[in-house]
Amino acid sequence: MSHPFTVYQCHSCGLRSITAPGYCSRCRSKQSYELIEAEGRGTVFSCTTVYVCEQKWQAEAPYQLAVIECEEGLRVLGRIADSGANPVKIGTSVTLTEVRDGVPFFHIMQG
């Protein structure tokens, strides 16, 4: 089950962004964003294994960090929650299941 998350979409050109910019980077429209809900599904665009990290994450290292290309066209940096059992590869389908301390956690989709 995916965990929806909120993104910003430009009224003028439809560009989507994780953060609310002062203007659209595509059409330069100012303050023309609306909040929309994204599904939280996508595929792994790039990934790496983290061995050295912030102290608050040390108990969980090593873990996989990945750039996820969401179905809505966004790229999001997040953690692969179940990577120990199933190492993630580029092109793997994932779904957002939680956001912890501002970090999105994705699980590998089965099937």
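If the condition is being assigned to a loop (DSSP other than H, G, I, E, B) and under 25 Å from Gly102 (Cβ atoms), then the range 12-31 contributes Leu15, Ile18, Thr19, Ala20, Pro21, Gly22, Cys24, Ser25, Gln31.
Going by the conditions given, is Ser17 of a type outside the set (A, V, I, L, M), modelled with pLDDT under 85, out of contact with any helix residue (DSSP H, G or I) (no Cβ under 6 Å at 6 or more places or on another chain) and not assigned by TED's automatic domain parsing to the domain that holds Ile68? Considered against the rule, which asks whether it is of a type outside the set (A, V, I, L, M), modelled with pLDDT under 85, out of contact with any helix residue (DSSP H, G or I) (no Cβ under 6 Å at 6 or more places or on another chain) and not assigned by TED's automatic domain parsing to the domain that holds Ile68, Ser17 comes out as no. Looking at Val94, Val99, Val7, Val76, just one residue is in a strand (DSSP E or B), touching a residue at least 60 places away in the same chain (Cβ under 8 Å) and surrounded by 15 or more Cβ atoms within 10 Å (Cβ to Cβ), and that residue is Val7. Would you mind stating whether Lys89 is assigned to a loop (DSSP other than H, G, I, E, B), more than 24 Å from Arg16 (Cβ to Cβ) and either among the basic types (Lys, Arg) or assigned by TED's automatic domain parsing to the domain that holds Cys13 (or both)? When the stated conditions are applied, Lys89 passes them. Against the list (1) out of contact with any Leu (no Cβ under 8 Å at 6 or more places or on another chain); (2) modelled with pLDDT under 90; (3) not in a strand (DSSP E or B), the condition Glu34 fails is (3).
Being part of a loop (DSSP other than H, G, I, E, B) and at pLDDT 90 or above is a property that does not hold for Ile68.
So which of Ala66, Ala20 ends up being touching a residue at least 12 places away in the same chain (Cβ under 8 Å), closer than 16 Å to Tyr8 by Cβ and either of a type in the set (Val, Ile, Thr) or touching a Leu at 6+ places or on another chain (Cβ under 9 Å) (or both)?
Details: Ala66 fails: closer than 16 Å to Tyr8 by Cβ.
On inspection, the qualifying residue turns out to be Ala20.
The values are calculated or read from the model by the stated rules, or taken from the named source; none is laboratory data. None of the values given here were measured: they were computed from a predicted structure. Neighbour counts are summed over all protein chains in view; Cβ atoms, including those assigned to glycine, are modelled from backbone coordinates with ideal geometry.
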